[in-house]
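Notes follow once the structure below has been shown.
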Amino acid sequence: MPIKNKKELSTTPLRKAALAIAEAGLRAIDTKRVIKKLVSLKGNALRIKDTFFSLEKTKHIFIIGIGKCSLDAALGIEKILGNHITGGIVLDVRCSKLLKHIESYEGTHPLPTQQNVDVTTRIINLLKKTKRDDLVIMIISGGGSTLLCQPRNFECQNESALLSCLIRVGATIQEINTVRKHLSLARGGHLAQYAYPSRVAALIFSDIPGNDISFVASGPTVKDTTTIADAQRIFKKYTLYKKCDFTPHHLITTPKEEKYFKQVHNILAVSNSTALEAMAHKAKALGFKSIICTDCLEGEARTVGSSITRRLKHVGPKQALLFGGETTVTLRGHGKGGRNQELALAALPLLEKGQFVLSLASDGRDNIDVAGALVDIKTKQKACALELNARAFLKKNNSYEFFKQCGGHIKTGHTGSNVADLVLALKE
């Protein structure tokens, strides 16, 4: 997963080193590589990470994929299992004609549409037909909450409006997914319920800070610990009943019976720790002392960006600070951008010579067609020459336009991976 405009951005030794470190992280979470490493078939023994499944008495194998990693994962699994696969459905933000045994569908993201609802219905109907002697391999990844949409008593457009409200007020991903679990007949353990009593192996690609797998894609195969009361508290916190056309009766309970989850094996395939460790190793090879500061980065993007720059001032030379997680943006203006661009823009005013900050979305889309942005003293000098005021753009949440004019956008295209965001701060 190369950075497509790497050559254009590599105008200083520090930038060149930073982009090499970032690419090391992206390579480590490449979905096809992950599948090749974690899944193997020897005789009738299927290995998925450290769990083995006997196929000796298995009648059918179905593949269900949801999220931004699901297409690449399904392509990798087909290469390994081939004709052992009876059928399946993959719902990603892309589709492919390369799959031979699995149906591929493209859904919408970040907001759900009827297109997502229709494919989710197909997935549910397939799972309901599975039997005790079947094996269902599920691929669960970030983006799945939007793609896996099955509302009850309201339209997907209502959920789309609600999601927009939650994003605007800066709700955390855990808060957003708590609400989404209680608005859907597909999330919050429902897919495990539909697949019962077949065996389920769920490969989970985590984009959640702290890797609580019950929140990845809103936990369709995990027994939910949240309640309707938890969702109601979030509605009240952000006064959503007033802002959106929802009432408490729209909220539904999630499956709690233990029997639905006894045959489910939830397996963490990859997380941003995987990327951070690879980045730390590459930084060390390039002569930097690397520190993984956190894989649970949270908070307001602009606050985090400023904080990281301040932290750089207090470390010695040849240091690499690494962060993984997901910040939030409270919308105050009407500009374009995403949390990674906003983080980088907030870091810029405090940066000094020899300091560098990069922030990117591992899926390649920071709420728009770029992965994120980088900033250093060259960015600061160019902004000054163009008379661009970083704080003014920040005030309008207009980070995209700032970097479009000043340079610094990181472009990867869709990576087929998703482990939240990766942030790198370097000091010469």
Checklist entry - What is the mean projected area of the alpha carbon convex hull for the range 1-74, to one decimal in square nanometres? => result 6.7 nm²
Checklist outcome for this item: Projected convex hull area of the range 1-130, Cα atoms, direction-averaged, in nm², equals 10.4 nm²
Next on the checklist: Can you compute log10 of I(q)/I(0) for the range 43-270 with the Debye formula, treating each Cα as one identical point scatterer, at q = 0.08, 0.11, 0.16 Å⁻¹?
Outcome noted: -0.27, -0.50, -1.04
Item to check | Volume of the Cα convex hull of the range 232-307, divided per residue and given in Å³ | outcome: 184 Å³
Item to check | Sum of -39500 (n - 2.57) over DSSP H runs of 4+, divided by residues of the chain (222 nm, nearest 500) | outcome: -10500 deg cm²/dmol
Checklist entry - On average over all directions, what projected area in square nanometres does the range 233-360 have, based on the convex hull of its Cα atoms? => result 12.4 nm²
Checklist outcome for this item: Rh (Kirkwood, all Cα-Cα pairs) for the range 338-428, Å, reads 12.9 Å
Next on the checklist: Quick check on the range 336-379: what are the equivalent-ellipsoid semi-axes from the Cα gyration tensor, as sqrt(5λ), descending, whole Å?
Outcome noted: 20, 9, 7
Next on the checklist: Percent of Cα-Cα pairs more than 19 Å apart in the range 167-216, please.
Outcome noted: 36 percent
Checklist outcome for this item: At the level of C-alpha centres, the distance separating the range 6-40 and the range 89-106, in angstrom, is 25 Å
Next on the checklist: Counting pairwise Cα distances across the chain, what percent come out greater than 39 angstrom?
Outcome noted: 21 percent
Checklist outcome for this item: Computed over the chain: longest principal axis from alpha-carbon atoms vs helix 70-81 long axis, angle to nearest 10 degrees, is 50 degrees
Next on the checklist: Quick check: net charge around Tyr400, other residues with Cβ under 14 Å of its Cβ, Lys/Arg +1 and Asp/Glu -1?
Outcome noted: +2
Checklist entry - Over 19 Å between Cα atoms, which of Lys68/Lys237; Lys79/Lys411; Lys336/Lys378; Lys313/Lys380; Lys181/Lys256 qualify? => result Lys68/Lys237; Lys79/Lys411; Lys336/Lys378
Next on the checklist: Using a 7 Å offset from Cα along Cα-Cβ at Lys128, what residues in the range 164-208 end up with backbone N under 19 Å from the label point?
Outcome noted: 183-199
Checklist outcome for this item: Sorted largest first, the Cα spans of the range 135-262 on the principal axes come out in Å as 44, 28, 23
Checklist entry - Which entries of Lys49/Lys289; Lys382/Lys427; Lys7/Lys382 show an alpha-carbon separation above 23 angstrom in the structure shown? => result Lys49/Lys289
Next on the checklist: I'd like the FRET efficiency for Lys59 and Thr247, computed as 1/(1 + (r/R0)^6) with the beta carbon distance as r and R0 of 35 Å, rounded to 0.05.
Outcome noted: 0.20
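Every read-out reported here was derived from the displayed coordinates using simple, explicitly stated rules and does not represent laboratory data. Quantities reported herein were computed from a predicted structural model and do not represent experimental measurements. Neighbour counts are summed over all protein chains in view; Cβ atoms, including those assigned to glycine, are modelled from backbone coordinates with ideal geometry.
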